[in-house]
């Protein structure tokens, strides 16, 4: 396990925590609506938890977003705590283009900056238009996030019908791909012919999720790596490599069974964090995306 000192000074953390803990969402209709959605979705999954706890969790999500902004701005990567097969991941990324999967938990935005700025990798980021427009919704204090120079980071818009082809071309060109499994990204799911999602159990509920990233890893026969980000009790950045598959075709000869098997495993990895600390995951505001 790699363990490094905390990035944020004690005074900065105290001031930020104090400000966030005083925040009440019903000071504006916009914030109130967001909180109501957040609380309603939590109530579906955690009916035994008193709604009074939801506000505390909401504030922790807000705090996490502010900390992520500071971590991006300061670009201090040696503060990260890595666990799992770190050496294997490093060896794979150094020699082969790979698909890196993660979730919207912990300090997830810092991951792409880490690989591009700190490691110097060429990276393609799979992102939706909605994510780009709404990723800062939890911030209520203006943050100045430094723009990294000399970083080879490209984006692929997930909603485009050619996104899968662009991913395969990007991998063939030697670029790594980073994608959020819980982004519910891709082409429309309203087609009556085929819904490009699979069903799985998530904290006792049946949800619908996409498995395209694992599918593309198999078809391109490139490594599939899953990183679960979380924030420790003392607000450190912690990244756990939960899956590190060098050759997908050796796990299963057929792409769809492999993709569904690995996607189920990766969501189980997320559940291991979220079930005890729901606030680590900030997709509660859009949880209905996974139900319909």
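The values are calculated or read from the model by the stated rules, or taken from the named source; none is laboratory data. None of these values were measured; they are calculated from a predicted model. Note that each Cβ is placed from the backbone with ideal geometry, even for glycine, and that neighbours are counted across all protein chains shown.
In table form, for the structure just shown:
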read-out: In segment 218-235, the residues that are closer than 25 Å to residue 61 by Cβ and buried (at least 20 other Cβ atoms within 10 Å of the Cβ); value: 226, 227, 228, 229, 230, 231
read-out: Condition met for residue 273 (in a loop (DSSP other than H, G, I, E, B) and closer than 21 Å to residue 85 by Cβ); value: no
read-out: Residue selected from segment 84-138 under the condition crowded, with 16+ Cβ neighbours inside 10 Å and on the phi > 0 side of the Ramachandran plot, by the criterion modelled with the highest pLDDT; value: 84
read-out: Contacts under 9 angstrom Cβ, first residue in segment 169-192 being at positive phi and loosely packed, with under 13 Cβ neighbours inside 10 Å, partner assigned to a strand (DSSP E or B) and modelled with pLDDT under 95, 6 or more apart; value: none
read-out: Wholly within segment 40-113, helices (runs of 4 or more DSSP H) carrying at least 2 residues that are without any contact (Cβ under 8 Å) to a residue 24 or more places away in the chain and within 28 Å of residue 168 (Cβ to Cβ); value: 86-95
read-out: Of all residues in segment 195-215 being in a loop (DSSP other than H, G, I, E, B) and surrounded by 17 or more Cβ atoms within 10 Å (Cβ to Cβ), the one that is farthest from the chain's Cα centre (by Cα); value: 197
read-out: Some residue of segment 3-11 being closer than 23 Å to residue 109 by Cα, more than 23 Å from the chain's Cα centre (by Cα), modelled with pLDDT under 95 and in a helix (DSSP H, G or I); value: yes
read-out: Residue in segment 35-49 that is more than 27 Å from residue 285 (Cβ to Cβ), surrounded by fewer than 14 Cβ atoms within 10 Å (Cβ to Cβ) and modelled with pLDDT of 90 or more present; value: no
read-out: Residue 218 modelled with pLDDT of 95 or more and part of a helix (DSSP H, G or I); value: yes
read-out: Filtered residues of segment 242-266 (kept if out of contact with any strand residue (DSSP E or B) (no Cβ under 6 Å at 6 or more places or on another chain), touching a residue at least 60 places away in the same chain (Cβ under 8 Å) and not in a loop (DSSP other than H, G, I, E, B)); value: 263
read-out: Segment 254-282: number of residues that are modelled with pLDDT under 95, farther than 17 Å from residue 240 by Cβ and surrounded by fewer than 21 Cβ atoms within 10 Å (Cβ to Cβ); value: 0
read-out: Residue 181 vs. criteria closer than 16 Å to residue 100 by Cβ, in contact with a strand residue (DSSP E or B) (Cβ under 9 Å, 6 or more places away or on another chain) and modelled with pLDDT of 90 or more; value: yes
